[in-house]
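Novice: Next up is a structure, given as structure tokens.
The values are calculated or read from the model by the stated rules, or taken from the named source; none is laboratory data. Small disclaimer: the values here were computed from a predicted structure and weren't measured. Cβ placement follows ideal geometry from the backbone for every residue including glycine, while neighbour counts extend to all protein chains displayed. We work out accessible area using only protein heavy atoms, side chains counted, and drop any ligands, DNA or RNA first. Shrake-Rupley method; radii C 1.70, N 1.55, O 1.52, S 1.80 Å.
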Amino acid sequence: MPAVVLAMENGIQNGVRTNHDRDIRQNGAVTTSDSKPPAGITNRNLVLPHHSPKPPKSADPNRFNELPDEIPHITQGFVPVGLLLSRLAQRSHNELREAIMEMAQIPVAKQHPNGNSVPPSSSNLPDDDSKANLQKKGMILTYAQRQHENWVKALIIAHWSRDAKEISKLIDLVNHMWAQNDQYITIRNTMVENKESFTFARLPPPDLKTGLQVLSYGTFPALPDFGFIDPPPLPAREQCEFLDNLDTLLSMRLNIDDHDKIPYHFRNFRVHDGRVTFTVKGEFEVALTIADENFTKQYWFVGFRFLFKPEPTNWTPRTEQFIEAKVNEALFNDGLDGCYRMLHEYVLTYKINEYRRQALELQKQKWVGTLGVEALNRASGIQYWVGRYRNGPKSWIILGASANKKPGQGDASDSVMPDRSTSSVSIRWFRDSVEVKDANITLDTERVSTDSLLRAVTGRHVQHILSTIHRKLLARPRFAARELGTRLAICQDDAGKSSLSIDLDRDEELVVKMDPITGFFALSPQTKITATFESRLNTSIKEPTEEGVFVMENIRTHYFMEELRRRGRSVGWETSGMPVKAEDIRLTLGTRENAQYVWFKRPGWESRWYVMLALGVSGDRWYLMDLAEKERRGGARLSTDNTIQAYVGLKVSAGHPDLNDEFFSDLETYVTGIMTHIVDLTELHRRKIPARFTQMGGGQSISPHIKMPSICIRLSSLLSDSSRNQRKPWAKDLVTLDFRGLHRLDTDSDAPRRPDVHIIAEARLTVTDKPRFSLLKGNVDEDILFNQGKGTFCLQIRSEIGKTVIETLSSRLRAIERLMNFVEAVCKAGPAVQSEAVTLRQIVFTYGDKVPTPSPQHQHQRQSSKVDRWKATVDLSDPKRVRIHLDDKNPHVRVLDYLDKLANSPKDFEKLPKVLATTLSLYVALDKMEEAWSNVSMQTGKIHFTILLRSLDWVGFRMQINTRAPNKPFVLSVEIKFKNRMGDAWWRIRRVVVPEVPATGAGGGTQPQQPQALDSDNILRVSWDKAKSRDPRIKRLGDACAAKPDSVGSALFALTHVIRACLGLDKQQPQQHKLQQQGQGQGQQQQQAGPAVAAAMKRQHSQQPQHRQQQHSQGQAPVAPMMGIPSPRRGSGSGGMANVRPGGNGNANAPFVLD
């Protein structure tokens, strides 16, 4: 390229020496952006360094003596050699450290047993050819080779750095050569393109001779010269006098002669500089003068100009000559009035043409493709929004000249001045092919602007569309009820500032605007939904004022559906398709509205439950749907093969809901509550139990946004049994069932799958007699609360979603009723039974029997005696069976099965506390007798004592004593039975005759000293007499006796002491048994009377009546051995004998442990 430039300069200067041999200066300044850098230098490395400002260009076009611009100096990407070497040294050190660490991790070869890897006998150490050693050597060689290459490159760079300045200049020159080459190629291509484009141009042949003459000398001698003589200049004084005379003549003519001939619109004039200037505001200004003092002569045209914007830019002398000729002609023919009409019509025509001209320019600029301009003779038609509708209505305006005065209009001045009314530029607006009569579009007379006119027209068009949509939206139920708001902002002169805002929800709004140029709708915010409906508004809809309302509703509907699905999925709701056909939905709901339906549900619900949202023009409606599958005999089942078997309208929100987490939580709670009520009502209907909804107290409020109805149920229907009808009702016959919310369980991944959400229902009922429930305080159970002040029970019931709570409620109510019956029984049992804890799952009470009142001579024993309290627990946790739990030492353990049976009796379970208190003295005495005779049996082996159980109120015991008479043991069988006489409770104790039993054989142990024979009748009589003497509540009935429940123990104790005295046991072991400790005085009396009693019993036995002997010999039906109830402390063997074993090392006096 430099060679080419040199040749061109030499050719132009014809051998003149150039300045290309100047000294090379410091490289510098600017380079072209099109320059291509040399190899190895990218555009990213090019930089514009600081350089001196470019020298100003010379005014002389021949710049051959000026120096060219300095070539750019490249400095970007240069790095100091010292920095490069330091970085390379640091890198080498880091790689060496990494190599050493890697070699250290390689395991070494195993050593010999003496600790050395090489035997000590070896004098010459051989090379280590192990795999680890070879790998280390390879790593060292690799590192050394890589570092050698890097440092050799650094050495070369260091040598090059010594000539850094020269190399930098070389880089600059190469870069400059590439840039010049690019410019040369660009210029060459441009010249070729220009030459090819001029091939078909029709141009006259150039006049090279004339052009050369003009360009060389600046003149052309062939031009003619006529030699006219210029007139002498007029002096200034004469000029001023001449102009003053003209001003005087013009003033006189206008004020005297033509004052009634001046047109109305020419009333604004001024005389100056020998002319009169008439001004018509917003149209034109014309200057006239006179050429004769005769006032009948015409005016002459002097000058003309427009008084509006924009001023004409193509005003030529030819146009001025045309106007001058026409004005002079009008002045000659019609005077000033003709001049005004001619210029006025000319201005109107010019304005109309100016509107059309600007429209044509706008059609090529920002209104391209949206305007249609058409000349209609003098008028002009401008169609806007050409691409708005393809086959729909069109909108345009027509600009023309029309008279402002209409028939029948005018005022009094019009009759005096008939030419007052004049024509003007008018506009006719056709909106959607219909002319708008009351458009009220005012044209600016002082400024002609088609753009402003179109903005005003489109602003009113947009106002019409948005206002109509706004008005129709306000008539919709949703907006009329102010659930959603809409706001309209109108700017008539600028359609881009007009907007219609429609609330989509509480946070988002849809802003509808229209482009004033294209007429297209613009919706914001821009989403997938708004983009779809925006395209529909701009392409498919022909009547936006009619169909735009439905589009806005659909946008709101789809937006709400999308938000509902999106936010619902984020909190666990599942959306689904249409499980039911739309026709079936409209038929079920009884509506013809074509609404949008959204179906969704919560995980864990049954497949038949759905929440449906119907989004329609009339509003949003929420439903809880209960579906049922259709029965299909054949073929595949479709997703819509379901029927609606029940539905409930949901009152979700009075306005537009706020789709946040709280809303979905409340919706789940509310829908689950309604679902629970439906399931419960269905179950009540199935059981034929009457129930109804109620809004007691305005409904039960679960949260500030949720109010649930209550279900009122009759208590008598839930507890429909015969026992309730026979008793006085313990509660009012009304149970209120409320839904109280949801309870989320802590799920465990290892636990079996179970629903993680349970419902909480609450039932309330009021008792009729508060004192009856005085023993209940606070929490009866973990989910049952009793308010003693109000006398109300509150039951919390938890169940799975979709499951009824009626069964659980019935069982809980029966449990409460059963609990009340037990509590009432405890209260009626008297002071002997005292309650300790009362819950729904168990009742804990204690009972005790008073010690018999001692005689006055034994008053000192009253202080030492104490009343034992026994604890009993009634387990009510099992709704089907009641269980009784007693302590191990409780006397009633032996009859525990009978107690369980009594507690589970539907008629007699209330007698349990009374039975325990009544029978306590009996079973305590039996326990002590069994314990005492067991010790004697272990010592002597001749006495066997067995307790026989028939029922709770029918007990017996049998005592067999092996006497010296062979095969004739003494047997005493006693029956104790409960009797009720005249409303009083008595225990009847009598002897039962049994067949003779052979002796069981001699046993080891010490033989007691006893008489030859024992008389049972005498023993019983003496025992009952002794007991009666000590306790007046004991009555002897022959050889039998009757005792009060508290005195039966005293009678049995007396019998025991008499038998022991007859057997002589009290002499051998005085005060051995606990029985002797409690009745020490009674034992001493029996020991003293022992021989006499034995002799008396023997005599009575020999003197028995004949019929008693016959009865004994014949043997009445003996009492069959009754089943003994084993206990953890004592039990009955196979023969009814209590089996005991010594608890020590065979010592008879040691404590005994039951087998």
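Novice: Which one is nearest to the chain's Cα centre (by Cα), of the residues in segment 326-340 that are without any contact (Cβ under 8 Å) to a residue 24 or more places away in the chain and closer than 13 Å to Pro263 by Cα? Break it down stepwise before answering.
Specialist: Just the residues of segment 326-340 that are without any contact (Cβ under 8 Å) to a residue 24 or more places away in the chain, to begin with: 326, 329-330, 333-334, 338.
With closer than 13 Å to Pro263 by Cα added as a condition, the list becomes 334, 338.
Working: Asp334: 88, Gly338: 83 Å.
Filtering first and then ranking leaves Gly338.
Novice: Is it the case, given these coordinates, that Ser540 is farther than 30 Å from Gln463 by Cβ and among the hydroxyl-bearing types (Ser, Thr, Tyr)?
Specialist: Working: farther than 30 Å from Gln463 by Cβ: no; among the hydroxyl-bearing types (Ser, Thr, Tyr): yes.
In short, no.
Novice: Of the residues that sit in segment 478-495 and are of a type in the set (A, V, I, L, M) and outside any loop (DSSP other than H, G, I, E, B), which one is least open to solvent (accessible area, probe 1.4 Å)? Write out each step before concluding.
Specialist: Initial filter on segment 478-495 (of a type in the set (A, V, I, L, M)): 480-481, 484, 488-490, 495.
Then keep just the ones that are outside any loop (DSSP other than H, G, I, E, B); that gives 480, 488-489, 495.
Numbers: Ala480: 66, Leu488: 66, Ala489: 44, Ala495: 1 Å².
Filtering first and then ranking leaves Ala495.
Novice: Quick one: how many residues across segment 795-816 are open to solvent by 20 Å² or more (accessible area, probe 1.4 Å) and in contact with a Leu (Cβ under 7 Å, 6 or more places away or on another chain)?
Specialist: Number of matching residues: 2.
Novice: Just to be sure before I move on: is Gly590 within 27 Å of Glu668 (Cα to Cα) and under 30 Å from the mean Cα position of the chain (by Cα) in the structure I sent?
Specialist: no
Residues checked against (1) farther than 30 Å from Gly274 by Cβ; (2) in contact with a Cys (Cβ under 8 Å, 6 or more places away or on another chain); (3) basic (Lys, Arg):
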| position | (1), (2), (3) |
| --- | --- |
| Ala179 | yes, no, no |
| Val192 | yes, no, no |
| Lys195 | yes, no, yes |
| Thr199 | yes, no, no |
| Ser216 | yes, no, no |
| Gly227 | yes, no, no |
| Pro231 | no, no, no |
| Glu238 | no, no, no |
| Glu241 | no, no, no |
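Novice: If you don't mind, another one. Any idea which residue in segment 1022-1048 is least open to solvent (accessible area, probe 1.4 Å), counting only those that are within 24 Å of Phe970 (Cβ to Cβ) and in contact (Cβ under 8 Å) with a residue 60 or more places away in the chain?
Specialist: Result: Val1048.
Novice: Between residues in segment 132-152 that are closer than 14 Å to Val108 by Cβ and of a type outside the set (S, T, N, Q) and residues that are part of a helix (DSSP H, G or I) and open to solvent by less than 50 Å² (accessible area, probe 1.4 Å), which pairs lie under 6 Å by C-beta distance while being six or more apart or on different chains?
Specialist: Every condition considered, the pairs that remain are Lys136/Met103.
Novice: If Gly791 satisfies every condition in (1) modelled with pLDDT under 80; (2) on the phi > 0 side of the Ramachandran plot but one, which is the exception?
Specialist: Among (1) modelled with pLDDT under 80; (2) on the phi > 0 side of the Ramachandran plot, the lone unmet condition for Gly791 is (1).
Novice: Kindly indicate which of Ser524, Ser535 is free of Cβ contacts under 8 Å to residues at least 12 places away in the same chain and open to solvent by 40 Å² or more (accessible area, probe 1.4 Å).
Specialist: Working: Ser524 fails: free of Cβ contacts under 8 Å to residues at least 12 places away in the same chain.
So the residue among Ser524, Ser535 that is free of Cβ contacts under 8 Å to residues at least 12 places away in the same chain and open to solvent by 40 Å² or more (accessible area, probe 1.4 Å) is Ser535.
Novice: Of all residues in segment 286-340 being assigned to a loop (DSSP other than H, G, I, E, B) and in contact with a helix residue (DSSP H, G or I) (Cβ under 7 Å, 6 or more places away or on another chain), which is modelled with the highest pLDDT? Please lay out each step first, then the result.
Specialist: Of segment 286-340, the ones assigned to a loop (DSSP other than H, G, I, E, B) are 291-298, 307-308, 310-316.
Those still in the list that are in contact with a helix residue (DSSP H, G or I) (Cβ under 7 Å, 6 or more places away or on another chain) too: 293, 295, 298.
On the way: Glu293: 88, Phe295: 88, Gln298: 92.
Filtering first and then ranking leaves Gln298.
Novice: On to the next question. Can you name every one of the helices (runs of 4 or more DSSP H) wholly within segment 496-591 that holds 2 or more residues which are over 19 Å from Ala614 (Cβ atoms) and touching a helix residue (DSSP H, G or I) at 6+ places or on another chain (Cβ under 9 Å)?
Specialist: On the way: elements: 528-539, 544-570, 582-589.
The helices (runs of 4 or more DSSP H) meeting that bar are 528-539, 544-570.
Novice: Note down all Cβ pairs under 9 Å where the first residue falls in segment 156-184 and is within 30 Å of Leu85 (Cα to Cα), the second is exposed (fewer than 13 other Cβ atoms within 10 Å of the Cβ) and of a type in the set (A, V, I, L, M), and they're at least six residues apart or on different chains.
Specialist: Trp160/Ile167; Ser161/Ile167; Lys169/Ile24; Val174/Ala39
Novice: Being in a loop (DSSP other than H, G, I, E, B), more than 30 Å from Glu345 (Cβ to Cβ) and open to solvent by less than 90 Å² (accessible area, probe 1.4 Å): is that true of Thr248 here? Give the derivation first.
Specialist: On the way: in a loop (DSSP other than H, G, I, E, B): no; more than 30 Å from Glu345 (Cβ to Cβ): yes; open to solvent by less than 90 Å² (accessible area, probe 1.4 Å): yes.
Criteria not met by Thr248.
Novice: In segment 777-793, what residues are farther than 20 Å from Leu718 by Cβ and of a type outside the set (Asp, Glu)? Give the derivation first.
Specialist: First pass over segment 777-793, keeping only residues farther than 20 Å from Leu718 by Cβ: 777-779, 782, 787-790.
Of everything in segment 777-793, those that are farther than 20 Å from Leu718 by Cβ and of a type outside the set (Asp, Glu) turn out to be Lys777, Gly778, Asn779, Asn787, Gln788, Gly789, Lys790.
Novice: Look through Arg621, Arg565, Arg608 and report the one residue that is more than 30 Å from Val462 (Cβ to Cβ), touching a residue at least 12 places away in the same chain (Cβ under 8 Å) and crowded, with 17+ Cβ neighbours inside 10 Å. Steps first, please.
Specialist: Numbers: Arg565 fails: crowded, with 17+ Cβ neighbours inside 10 Å; Arg608 fails: crowded, with 17+ Cβ neighbours inside 10 Å.
Exactly one residue qualifies, and that residue is Arg621.
Novice: Which of the residues that make up segment 347-389 are open to solvent by less than 30 Å² (accessible area, probe 1.4 Å) and in a helix (DSSP H, G or I)? Can you show your working first?
Specialist: Initially, segment 347-389 is screened for residues open to solvent by less than 30 Å² (accessible area, probe 1.4 Å), giving 347-348, 351-352, 354-355, 358-359, 362, 367, 370-372, 379-382, 384-385, 388-389.
If the condition is that a residue be open to solvent by less than 30 Å² (accessible area, probe 1.4 Å) and in a helix (DSSP H, G or I), then Val347, Leu348, Lys351, Ile352, Glu354, Tyr355, Gln358, Ala359, Leu362 are the ones that fit.
Novice: Within segment 538-556, take every residue that is hydroxyl-bearing (Ser, Thr, Tyr) and open to solvent by 50 Å² or more (accessible area, probe 1.4 Å) and give me the one that is nearest to Arg478 (Cα to Cα).
Specialist: Here is the first cut: in segment 538-556, the ones hydroxyl-bearing (Ser, Thr, Tyr) are 539-540, 545.
Narrowing further to those that are open to solvent by 50 Å² or more (accessible area, probe 1.4 Å): 539-540.
Numbers: Thr539: 28, Ser540: 26 Å.
Looking at the filtered set, the residue picked out is Ser540.
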